[in-house]
Every structure is written in structure tokens, then in C-alpha cells.
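Beneath this line is the structure, given in C-alpha cells, with notes to follow.
No value in this document is a laboratory result; all are computed from the given coordinates. Keep in mind that this is a model prediction, so the values were computed, not measured. Every residue, glycine among them, receives a Cβ derived from its backbone with ideal geometry; neighbour counts consider all protein chains shown.
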Amino acid sequence: MKEHYAVAIDGPSGAGKSTLARALAKELGFVYVDTGAIYRSVGYYAYQRGIDPADGAAVEALLPEIQLEMVYREDGLQHMILNGEDVTKEIRLPEISMYASRVSAIPAVRAFLMDMQRDMARTHSVIMDGRDIGTVVLPQADVKLFLTASAEDRARRRCLELEERGTPEPYEKLLEEMQERDRNDASRSAAPLRPAEDAVILDTTGNTFQQSFDLLLQTIKERL
Ligand code: DC
């Protein structure tokens, strides 16, 4: 038996990766690692400092000032600690999504965050979600899943989520943002969003949470 297992879940934003990965990690007793949160933390730092997130040189110059930690608390959440401050809530603000997407296209940012992600997988059994986990971060992962759904379906989910959170946004706006972020994430030259050759591609369009959960759990168990 192996000491640690790694399950990689990649896919576009809003495909349900984080909700599913969190529930699957609980079921399997693995640590859920949300890698989007670390890009969001860097994006948030650029935002705080008033730096244009598309300015690669300016963002790269910020990196030596950034100390980032992932901490797992009793609430089961992955907390992001940025220079000693818990920014777990702040990085979820809607304006930070585009900052995260922009800074994540900068190769120096991706290199800066790589060890942190690999260290987690070296020391724990993980379910790690992101955009390039199966292709770049953990190419040796035991299971690679690529989760996708139509942009309309993903925007609808995001719409419901924001409504439940008490910060509603119009569907049309969310759809447009979703499509813009997809374009950014898929067209960048540094680790663009694409399925690994040996990934299992799962389309969750129209699925309930339970249907997707069962499908993913079965797929993972068959492969571990
Ligand atoms: O999963 P998320 O929406 O929290 O991710 C925020 C942004 O970070 C997303 O637009 C793309 C980027 N990202 C990335 O480039 N690579 C990852 N492994 C995870 C996220």
C-alpha cells in the first residue's frame, strides 16, 4: 500500500470542483487542497497594494514580500494566511476572481506557488483542485479528473451560490465573467487549462450534486 495518494481535479471555474472535492476528501479521509485560494491570495495582495494584476513585472516584484501559508482549522476549512493575516474571507470577494485569474497567467507566480502545492501532496493524501494539477503540479497523481459543465450551467450555479450568500448578481453578468475567465485561463501560455492525457473527463451539466458526487467517488475508488 502506498503511503499517500493524490487525486487531481482540474476544470474551469464553476464546474463544482471545490464543493465536490471537499465532500470527497471527507469521505476518503484525504486533505482537500484548494489551489485557487493561493492564486486568489496573491491576487488579493496585488489588489491591496494597488498593482495592476496584468503587469507581470510589477506582480513579480511583489513576490518576495509575500509569505503564504495554508492552515487547516477545526472548522474543516483551508485558511489562507497572508503575511500573518487570515485572508480566507477576503479572497472570495467577487473583484478578486479576475485579479486571481490575471496573476495566475504570470509564470513567475506559478513557479513561486509550486513547492507549496507539491509539499502538501508529499506529506498527505490529497484531493487537490485547480487548473493544472494533473498536467503540471502532480503529473504522477494516482487519479486525474477533469470536471466540466456548460458555461450557462456554471453561471447558473454561481448565481444561486451568490444569492444564498446574500450578495446576488445578475445571471447575464456572471455568464459574461465566466466566459471571460475561461478565455483567460485557457488561452494563457503558462500552464493553460487543459485535461491531462490520462485524465477522466466528466461533464456535470444538468447533474445534481449527489449524481456528480457518486460518479466521482466511483471513478476514484476504481482507480485507487
Ligand atoms: O478556482 P478559483 O476560481 O478559486 O481560481 C481562481 C483563479 O486562479 C482562476 O481564474 C485560475 C487560477 N488558478 C490557476 O491558474 N491554477 C490553479 N491550479 C488554480 C487556480
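With point charges of +1 on the Cβ of Lys and Arg and -1 on the Cβ of Asp and Glu, referenced to the Cα centre of the chain, which listed residue (Leu160, Phe30, Ser97) lies farthest in the positive direction of the dipole?
Phe30
Karplus couplings for the stretch 31-36 from phi (6.51 cos²θ - 1.76 cosθ + 1.60, θ = phi - 60°), rounded to Hz, Gly and Pro as x?
Result, ordered by residue: 8, 8, 10, 9, 6, x Hz.
In terms of the Cα gyration tensor, with a ≥ b ≥ c the square roots of its eigenvalues, is the stretch 185-224 rounded because a/c is under 1.5, prolate because a/b exceeds b/c, or oblate? Before the final figure, lay out the partial values.
Numbers: a/c = 3.76, a/b = 1.65, b/c = 2.29.
Cα axes put the stretch 185-224 in the oblate bin.
Let me know the Kirkwood hydrodynamic radius for the chain, please, with Cα pairs as the basis and the value in Å to one decimal. Walk me through the numbers before you get to the answer.
Details: mean 1/r = 0.0562 Å⁻¹.
Across the chain, the inverse of the average 1/r is 17.8 Å.
Please turn the phi angles of the stretch 150-167 into ³J(HN,Hα) values with the Karplus equation 6.51 cos²θ - 1.76 cosθ + 1.60 (θ = phi - 60°), one per residue in order, whole Hz, x for glycine and proline.
After applying 6.51 cos²θ - 1.76 cosθ + 1.60, I find 4, 4, 5, 4, 5, 5, 4, 4, 4, 4, 4, 4, 5, 4, 4, 7, x, 10 Hz.
Which percent, to the nearest 5, of DSSP beta bridges fully inside the chain are antiparallel? Walk me through the numbers before you get to the answer.
Working: 7 of 24 bridges.
Within the chain, antiparallel bridges account for around 30 percent of the total.
Using each residue's phi in the stretch 190-198, evaluate 6.51 cos²θ - 1.76 cosθ + 1.60 at θ = phi - 60° and report the 3J(HN,Hα) Karplus result to the nearest Hz, with x for Gly and Pro.
Karplus values, whole Hz, x for Gly and Pro: 7, 6, x, 5, 7, x, 5, 4, 9.
Select from the stretch 12-102 those trypsin sites (Lys or Arg not before Pro) which occupy a DSSP coil region and have at most 12 other Cβ atoms within 10 Å, ordered by residue number.
Numbers: sites: Lys17, Arg22, Lys26, Arg40, Arg49, Arg73, Lys89, Arg92, Arg102; in loops: Arg49, Arg73, Lys89.
Passing sites in the stretch 12-102 are Arg49, Arg73, Lys89.
Val126's amide H: which non-local residues (gap 5+, or another chain) put their own amide H closer than 5 Å, with H modeled 1.01 Å from N in plane and none for Pro or chain starts?
Residues meeting the amide H criterion: Tyr5, Ala6, Val7, Val31.
If neighbour count is taken as other Cβ atoms inside 10 Å, put Leu24, Leu162 in order from fewest to most.
Listed from fewest to most nearby Cβ atoms, that is Leu162, Leu24.
To the nearest 20 debye, what charge dipole does the chain have about its Cα centre, counting +1 at the Cβ of each Lys and Arg and -1 at the Cβ of each Asp and Glu?
Values: 27 positive and 37 negative charges, 62 e Å.
Charge dipole of the chain: 300 debye, to the nearest 20.
Could you tell me the center-to-center distance, by alpha carbons, between the stretch 143-194 and the stretch 76-93 in angstrom?
21 Å
What translational diffusion coefficient, to the nearest whole µm²/s, does the stretch 1-118 have by Stokes-Einstein, given a Kirkwood radius computed over alpha-carbon pairs, a temperature of 37 °C and 0.692 mPa s viscosity? Don't jump to the answer; show the numbers that get you there.
Working: Rh = 15.1 Å.
Approximately 217 µm²/s, per Stokes-Einstein.
Would the stretch 98-224 count as rounded, prolate or oblate if I go by the C-alpha gyration tensor, calling it rounded below 1.5 in a/c and otherwise prolate when a/b exceeds b/c, oblate otherwise?
Details: a/c = 1.87, a/b = 1.19, b/c = 1.57.
Oblate is the answer for the stretch 98-224, as a/c is 1.5 or above yet b/c matches or exceeds a/b.
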